[in-house]
Every structure is written in C-alpha cells, then in structure tokens.
Amino acid sequence: MSRAPRKRTILVRFREWFTSVLRVTRLTDYATVVMTVLAARPEEVLSASDLAERAGLEGPTVSKLLKPLAQAGLVEGFRGVHGGYRLARPAADITLFEIVEAMEGPLAMTECSLDHGECGISDQCGVRGNWRRINDVVAEALRGVSLAQMLGDAPLPQQRSPGRRIDARLANA
C-alpha cells in the first residue's frame, strides 16, 4: 500500500516534465497566429504592421517571425508601397509541422531523435529507438493538422485507429 503514493508522485512528475518538454516556443506560437491571420485573408497582401495589429502582437515581433517563415517558403514577401506578405500556398497545404520546423529547426524530442545527433552514449543507449518512435508520432500529429484547420472550428482529422498506445515502464517503480 505504501507504493501507491510513490507511483502517483512519479507519474505526476513525469507528466510535468513531459508537458514542459512538449511545448513550442512563444515565437512559434506567435508564428501560428500570424499564419492564421494570413490564411483568413488569402487574396490580400498585408504589411507587417497590419499583421501585427490583426494578430495583437508587436510590430518588431511580427517582423522577426516573417523572415524564417519566408525562408521556409510558407509566406511570400512583396516590396514597394503596396508591399507586404501573403501565404505562399493555400492554407490547406501548409501543416503545423512546417511552421514548427520553420521556427525551431528540425523536430527532435531528444538529441538522438535527429539522424546525426551528437549524443555521447548513442552506441550503448537502449532507449534511442523509442525516442525516435515518439518523435515520429509527434511529427505525424503535427503533419495531420493544416493551417486551414487552425482557423476555427474545423474538425480534427479522424484517427485511423482507435488510438496509438506507446508502452512504457518506469525503472524501479
């Protein structure tokens, strides 16, 4: 009976850690907001200041976001008096995965999740394959949500199976 509180404590700590690890940066969150503003007006070219106002963000922040989004080919920039930005492709063809990678680089839950990660114990590590599997599940989830779906009450994609389960065991629990 004394083990039940210990297991609960371990589970709560794991959830707290897992939640803090699986959090996108504030800039990535803001990039998604800016992208939804552009997606809501696909025919318009909006200036950085217009985007900032419509997104409720500061102008310098929006300008900082637009550079990596343009480099990733997600937005197009136009110079001149009537210049500004618009989506480079239809919102339905842009995924959250692309936005996250544009802002944060390759998705990697752990160093060994990358193909050429710099982990010092990768040769003897017993969990690398599991972290890669988890990384793939998260990436697939982000690929499954389009920018168009982020606009409002779009239905979530249907699960192909009743749910994926990743078995995990805690050592010494």
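Using 0.36 nm per residue and subtracting the Cα-Cα separation, the extra length available between N130 and H82 on full extension is 12.2 nm.
Starting with the fewest neighbours, write out V137, V34, V24 ranked by other beta-carbon atoms found within 10 Å of each beta-carbon.
Details: V137 13, V34 24, V24 16.
In increasing order of surrounding Cβ atoms, one gets V137, V24, V34.
Restricting to DSSP loop positions (anything but H, G, I, E, B) with no more than 14 other Cβ atoms inside 10 Å of their own Cβ, which trypsin sites (Lys or Arg not before Pro) remain in region 28-79? Filter output for region 28-79: R79. Computed from backbone phi with θ = phi - 60° and the Karplus coefficients 6.51, -1.76 and 1.60, the 3J(HN,Hα) list for region 73-86 is x, 8, 10, 10, x, 10, 8, x, 4, 9, x, x, 9, 8 Hz; x is used for glycine and proline. Here's how it looks for V75: its modeled amide H is under 5 Å from those of A70, A88, which are all 5 or more places away or on a different chain.
Throughout, read-outs are computed from the coordinates displayed, never taken from laboratory work. Since we're looking at a predicted model, the values are computed, not measured. Neighbour counts run over all protein chains shown; Cβ positions are idealised from the backbone, glycine included.
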